[in-house]
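The structure appears below as structure tokens.
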Amino acid sequence: MPSPAPVSWIVVADPAALALAAAQRLLARIDANAGRAAIGLAGGSSPKQLYQLLASDAYSKRIPWDRVHWFIGDERFVPAGDARNNMLMAREIFLGRFAPRDHIHPIPTDVADPDESANRYERELKSFYGADDFDPARPLFDLVLVGVGPDGHTASLFPNYPAIAETNRWVVGVPKAHVEPFVPRVTLTLPALASCHEMLFEIAGEEKHAILTRLLAGENLPANRARSIGKTVFLVDRAAAGGDLRGG
């Protein structure tokens with residue numbers, strides 16, 4: 001895998017401005033691909049305002065729904081209708097209203113265990129990609145959305161967990177989460193997340209300032225190891241940035 005490109009940091013005023021900037025970047029990546037586009041969505045609460053924006057008339061009418069496929073970077077191993085399910089929020093806010101059903105690719109949780117779920121999703125990703133190995137010249141995703149947890153995790157790649165060191169698998173099961181909710185997870189690995197034209201971190205709120213400071217200090221945290229083979233962008237609001245970034 002080639003060395004990742006330098007990281008860009010963008011500071012915006014507040015969560016609303018962050019969602020607007022993220023929506024514009026997502027649309028730009030879709031527009032840059034005249035063929036079949038693939039977006040990797042994020043779980044947790046961070047992307048909620050972005051998803052609401054994508055559901056608005058101003059943005060939903062600009063998305064070519066017939067050629068965009070929607071995946072997700074990690075999932076809690078709970079039923080699809082469980083409120084803790086990551087893909088459920090995306091479905092309820094915008095995907096269920098606009099995306100063709102066969103263009104929505106959730107991580108399956110109606111299987112025996114997280115490992116079987118990971119195996120199935122890996123097969124689905126490889127089928128979509130059309131190969132068993134990544135080609136740096138042909139990223140899997142146009143854009144991957146990610147967040148940062150209070151412990152520095154991203155997707156469900158937690159500090160010091162074996163999953164963070166995986167280099168061959170595209171998707172792995174995680175028996176126990178490091179943060180709430182303490183349920184098993186299924187997550188894309190670093191190589192799978194890296195196979196994108198752009199990796200976009202969304203970090204908002206004063207409660208994220210402490211972990212952002214640790215990231216800027218260069219700590220060996222999962223969020224500092226997750227990098228695109230293309231462009232990696234940290235989109236941060238002023239509350240999270242504090243005085244640590246220009247514009248904060």
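Highest-first packing order for the peptide set 42-50, 233-241 is 233-241, 42-50, based on the mean count of other beta carbon atoms within 10 Å. 3J(HN,Hα) along the range 88-101, derived from phi through the Karplus expression 6.51 cos²θ - 1.76 cosθ + 1.60 where θ = phi - 60°, amounts to 4, 4, 5, 4, 5, 7, 9, 4, x, 8, 10, 7, x, 4 Hz, with x in place of Gly and Pro. Of the accessible area of the range 150-248, computed with a 1.4 Å probe over protein heavy atoms only, carbon and sulfur atoms account for 50 percent.
Loop-only check: which GluC sites (Glu not before Pro) in the range 175-237 are DSSP coil with at most 14 other Cβ within 10 angstrom?
Numbers: sites: 198, 202, 206, 207, 219; in loops: 219.
The qualifying sites are 219.
Please grab the % of Cα pairs in the chain that end up more than 35 Å from each other. Roughly 6 percent, rounded to a whole number.
For residue 214 and residue 131 in the same chain, what is the full-extension length gain: residue separation times 0.36 nm, less their Cα-Cα distance, in nm? Between residue 214 and residue 131, full extension yields an extra 26.2 nm. In the range 137-248, inverting the average of 1/r over every pair of distinct C-alpha atoms gives 14.4 Å as the Kirkwood radius. What is the sum of charges, Lys and Arg at +1 and Asp and Glu at -1, for the other residues whose Cβ falls under 15 Å from the Cβ of residue 220? Value of the local net charge: +1. Within the full protein context, the accessible area of residue 174 is estimated at about 0 Å² for a probe radius of 1.4 Å. Long hydrophobic helices in the chain, taken as whole DSSP H segments with a C-alpha length of 15 Å or more on their own axis and mean Kyte-Doolittle hydropathy at least -1.0: 15-31.
Of the residues 223, 130, 153, the one whose Cα sits farthest towards the positive end of the charge dipole of the chain is 130 (charges of +1 on Lys and Arg Cβ, -1 on Asp and Glu Cβ, taken about the Cα centre). Based on the Stokes-Einstein relation at 4 °C and a viscosity of 1.567 mPa s, and on the Kirkwood radius from alpha carbon pairs, the range 1-145 is assigned a translational diffusion coefficient of 79 µm²/s.
Using helices alone, what [θ] at 222 nm do you get for the chain, with -39,500 (n - 2.57) per DSSP H run of 4 or more residues, divided over all residues and rounded to the nearest 500?
Values: 9 runs with 70 residues, N = 248.
The per-residue figure over the chain is -7500 deg cm²/dmol.
Largest GNM mean-square fluctuation among 144, 68, 172, using the chain with Cα springs under 10 Å: 68. When the Gaussian network model of the chain links Cα atoms closer than 10 Å, the mean-square fluctuations of 129, 51, 121 top out at 129.
State in Å² the accessible area per residue of the chain; use a 1.4 Å probe, count heavy atoms of protein chains only, and round to the nearest integer.
44
Largest mean-square fluctuation among 151, 74, 57, in a Gaussian network model of the chain whose springs join Cα atoms under 10 Å apart, belongs to 57.
The values are calculated or read from the model by the stated rules, or taken from the named source; none is laboratory data. This is a predicted model, so every value here is computed, not measured. Neighbour counts run over all protein chains shown; Cβ positions are idealised from the backbone, glycine included. For the accessible areas, the whole protein counts, side chains as well, though only heavy atoms, and no ligand, DNA or RNA atoms are used. Shrake-Rupley method; radii C 1.70, N 1.55, O 1.52, S 1.80 Å.
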